[in-house]
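The values are calculated or read from the model by the stated rules, or taken from the named source; none is laboratory data. Bear in mind the structure is a predicted one, so any value in this text is a computation, not a measurement. So basically every Cβ, Gly included, is an ideal-geometry build from the backbone, and we count neighbours across all protein chains shown. Just so you know, the surface numbers come from the protein's heavy atoms only, side chains and all, with ligands and any DNA or RNA stripped out. Shrake-Rupley method; radii C 1.70, N 1.55, O 1.52, S 1.80 Å.
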Amino acid sequence: MEVTLRSVLGIPGAYNLFRYLIGGIQLNNRFVDLYMRPFSGARILDIGCGTGAILTQLSNVDYVGFDTNHDYIAAATHKHGARGTFFCQSVTRATLGEFPAFDIVIAIGLMHHLNDTDAASLCELARSALTENGRFLTLDGCYVDGQSSVARYLLSKDRGEHVRTKTEYEKIVRNGFPVVETYIHHDLLRIPYTHIIMECSC
């Protein structure tokens, strides 16, 4: 059986190690401090939570994570189960109906795995899950003019097959959220890479 980077990253331990080596802790710290800005007791929904690594940077919050990768959820529950609740399933309106509204919904590294239709559905689900003053935050790889050739090459090899331009991402989220603040970063990891963070609200 051929072993590829994509298959290796499907293993929780390998995925966590890879993220650590390229600067995933630094990325999470900046994402939480600059953009999430969670307050004590905030209800947080993490769609596509992976191994739940973001919880390392969170404290005193009510956290719920969803992911369809059984191994990721098992690892997340083992390490962070005392501080969050994890579900191995897709997020739907039916599942969201079982929870009170959330103050913050996050989708880290998820949208670039989704086609336009599914990405739009993600935004609709996020909006329906939020409190009146809640915020939806996304973080993904992004193509921009003038980025380094190395960053552009790495983006082209990403496991997600729908890495977009800033304009393309914004077009999708603006269908669900009238207020969208967009931030481009080239320095969130130890390797050349371009990220887009969108902070969406009503």
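Can you work out the FRET efficiency for the pair Arg174 and Ala101, with r the C-beta to C-beta distance and R0 = 22 Å, to the nearest 0.05?
Efficiency, rounded to the nearest 0.05: 0.50.
What percent antiparallel are the DSSP beta bridges of the chain, to the nearest 5?
Within the chain, antiparallel bridges account for around 40 percent of the total.
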In a Gaussian network model of the chain with springs linking alpha carbons closer than 10 Å, the residue among Val105, Val163, Val144 that fluctuates most is Val144
Rounded to whole Å², per residue accessible area for the range 86-202 with a 1.4 Å probe reads 49
Here D for the chain, in µm²/s, from Stokes-Einstein with a Kirkwood Rh over Cα pairs at 10 °C and 1.306 mPa s, works out to 93
Checking the range 55-153 for GluC sites (Glu not before Pro) in a loop per DSSP with at most 15 other beta-carbon atoms within 10 Å yields Glu98
The chain, Gaussian network, Cα under 10 Å: of Cys88, Cys123, Cys49, the residue fluctuating most is Cys88
Simple spin-label estimate for Glu132/Asp116, 7 Å along Cα→Cβ, in nm, reads 3.5
Taking protein heavy atoms only, a 1.4 Å probe, and rounding to whole percent, the accessible area of the chain owed to carbon and sulfur comes out at 52
Here the relative contact order (percent) of the range 137-191, from C-alpha pairs under 8 Å and at least 6 apart, is 32
Expressed in nanometres to one decimal, the distance between label points 7 Å along Cα→Cβ at Asn29 and Val150 is 2.1
Restricting to aspartates and glutamates and to Cα separations under 20 Å from Lys171, and discarding same-chain partners fewer than 8 apart, the set is Asp116, Asp118, Glu124, Asp140, Asp145, Glu161, Glu181, Glu199
So, relative contact order of the range 57-113 in percent, Cα under 8 Å, 6 or more apart, is 32
As straight-line cross-link partners of Lys157, the qualifying lysines (C-alpha separation under 20 Å, not fewer than 8 residues apart within one chain) are Lys166
By the DSSP-based rule, helices of the chain that are at least 18 Å long along the axis (C-alpha) and have a mean Kyte score of at least -0.5 are 116-129
